[in-house]
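Below you'll find the structure, written out as structure tokens, and then a few comments.
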Amino acid sequence: MIWNEKIECASRDFMNEIQSERLISTVKRVYHNIPYYRKKMQEKGLTPDDIKSVADLHKLPFTTKTDLRDSYPFGSFTVPMSEIVRVHASSGTTGRPTVVGYTRNDIAMWSENVTRALCMAGVHQNDMVQIAYGYGLFTGGLGLHYGTENLGASVIPISGGNTKKQIQLMQDFGSSVLCCTPSYALYIADVLEEMKISPDSLNMRVGIFGAEPWSENMRKEIEAKLHIKAIDIYGLSEIVGPGVSCECEEQAGMHVNEDHFIPEIINPETLEPVEPGEVGELVFSTITKEGIPLLRYRTRDLTRLIYDKCKCGRTLVRMEKCKGRSDDMLIIRGVNVFPSQIESILLEMSETEPHYLLIIDREGTLDTLKVQVEVQEQFFSDEIKELQNLTKKIKHNLESTLGISVTVQLVEPKTIERTAGKAKRVIDNRQI
Ligand code: DLL
């Protein structure tokens, strides 16, 4: 099946019915198979009989990354190891990795969701799909790989890195779809420019970019530099990796595959559901997974849900581009600062490149924020005065939005480290 019209264009009542039925059976399964779920439900005085429909979802306890880490490596699996056909793991920034196990049905379900995502993005069977997400424990490479094969398009499983080779294959194989992180897409664009290869000489049409936050301005930049349509794809290892949601060609929010993953938005402080349409932390319950079903898993990603029917005809709820995370939100001198806000401001300025690094330090008791940003070649001048003026302008733009003082350091083009995976944009040196 290439796309699923019955589900993707379902009425809300029909979707509620499917979700309720699947939720009830998942709750029973985890209650009887996973001691920590049983314990958490018992602590709230709940039994599976208390969950009669999706409207009861809010009664259930949350699950967090810590729960998964505490049962490292395989303690959260609900099926015997003989039924697990693949494991993935997310490295995380601290502590043990989070390990996820998939049964054969889980892999088929994941592939179907990625196939739907590719269809939403306008990818078809004649496309040549260059997969430059990392292959391995990270879910990006293999997730897109299986979904692309399932669609019937041709996979080029090149994985991340080796940029000149990426470009050579784009030229020789006529790749029409590029899958990688948005920051790597920009890097590829830089290298193309360096090699004096015009994007118009390539066959590239669509980019499927995700795995890290990126702004609308970054989308514009990528589309202008690579002459492609840049589509946002979202996912996390704990749920299935890429394909939890994806934008359609309208580029107006990512359609969540909600017959498999029920989304909710909560206030990360009170843990109560927010009013419809408000921004908060995204929480998912998986309702078809066998290996590791997760109920009310706190993603820490901040976004909002849009329930209106999309122009594409799909009724699947959409999530807006992620606005940051409730846990990597930086608090600098008591002010909440999102790296994505800074990125947006830098990208609105024609003089800067979309490559930057935020360095946070503590001098005495005072936090400091330094923003290193690359300047476009033509604006990088020998004239100290010109650079000083540019520094002042960036500082002014940042400070008037963020409400804190910022030191700006201009650096030459191509000096901030590029990676083929997720970009590291924040160095927090504070010992708190
Ligand atoms: O990054 C899965 C993935 C691979 C998604 C390829 C899309 C494409 P993790 O390594 O577990 O899984 O990281 C998950 O990355 O909670 C978000 O904070 C962030 N993230 C993923 N996609 C997006 C996106 C993969 N489109 C974490 N926009 C998530 C913003 C994203 N953040």
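Each value in this text was obtained by applying a stated rule to the coordinates, not by laboratory testing. If you're wondering where the values come from, they're calculated on a predicted model, not measured in any experiment. Virtual Cβ from ideal backbone geometry, glycine too; neighbours counted across all protein chains shown.
Its residue count N fixes a reference of 2.2 N^0.38 Å for segment 155-253, and the Cα radius of gyration divided by that reference is 1.05. Given +1 at the Cβ of Lys and Arg, -1 at the Cβ of Asp and Glu and no other charges, the dipole of the chain around its Cα centre is 940 debye to the nearest 20.
Between segment 52-85 and segment 410-428, the C-alpha centres lie 36 angstrom from each other. Whole-percent P(r), the chain, all Cα pairs, 20 Å bins from 0: 25, 55, 19, 1.
With the charge dipole of the chain set up from +1 on Lys and Arg Cβ and -1 on Asp and Glu Cβ about the Cα centre, the Cα lying farthest toward the positive end among the listed residues 378, 402, 60 is that of 60. Note on the chain: GNM, Cα springs under 10 Å; of 422, 220, 165, the largest mean-square fluctuation is that of 165.
Label-to-label distance, residue 42 versus residue 171, with points set 7 angstrom from Cα along the beta-carbon direction: 6.6 nm.
For residue 155, nonlocal amide neighbours, meaning residues 5 or more places apart or on other chains whose placed amide H falls under 5 Å from its own, are 129. For a modelled paramagnetic label at residue 28, 7 Å from Cα along Cα-to-Cβ, the residues of segment 283-306 in reach, with backbone nitrogen under 17 Å, are 287-290, 293.
In sequence order, segment 166-177 has phi-based couplings of 4, 5, 4, 5, 4, 6, 6, 8, x, 3, 10, 10 Hz under the Karplus curve 6.51 cos²θ - 1.76 cosθ + 1.60, θ = phi - 60°, and Gly or Pro positions carry x. Ranked by the mean number of other Cβ atoms within 10 Å of their residues, highest first, the peptides 369-377, 244-252, 70-78, 140-148 fall in the order 140-148, 244-252, 369-377, 70-78.
When each of the peptides 185-192, 6-13 is scored by how many other beta carbons lie within 10 Å of its residues on average, the order from highest to lowest is 185-192, 6-13. Sorted from longest to shortest, the spans of the Cα atoms of segment 330-428 along the three principal axes equal 37, 34, 24 Å. Taking only the alpha carbons of segment 58-143, we obtain Rg and Dmax values of 15.6, 46 Å in that order. Listed by chain and number, the aspartates and glutamates whose C-alpha is less than 19 Å from the C-alpha of residue 39, apart from same-chain residues fewer than 8 away, are 49, 50, 56, 67, 70.
Round to the nearest 10 and give me the degree value, 0 to 90, for the angle of helix 139-151's Cα axis relative to the longest principal axis of the chain. Relative to the chain, helix 139-151 is tipped by roughly 70 degrees. For residue 165, the lysines whose Cα comes closer than 28 Å to its Cα, not counting residues fewer than 8 places off in the same chain, are 196, 220, 225, 229, 414, 422, 424. Could you work out which residue, out of 26, 47, 303, moves most in a Gaussian network model of the chain, that is, has the largest mean-square fluctuation with Cα springs under 10 Å? Answer for the Gaussian network model of the chain: 47. Working note: Cα gyration tensor of segment 37-187, eigenvalues times five, square-rooted, sorted largest first, giving semi-axes of 37, 18, 14 Å.
Expressed to the nearest 5 percent, the antiparallel share of DSSP beta bridges inside segment 1-326 is 65 percent.
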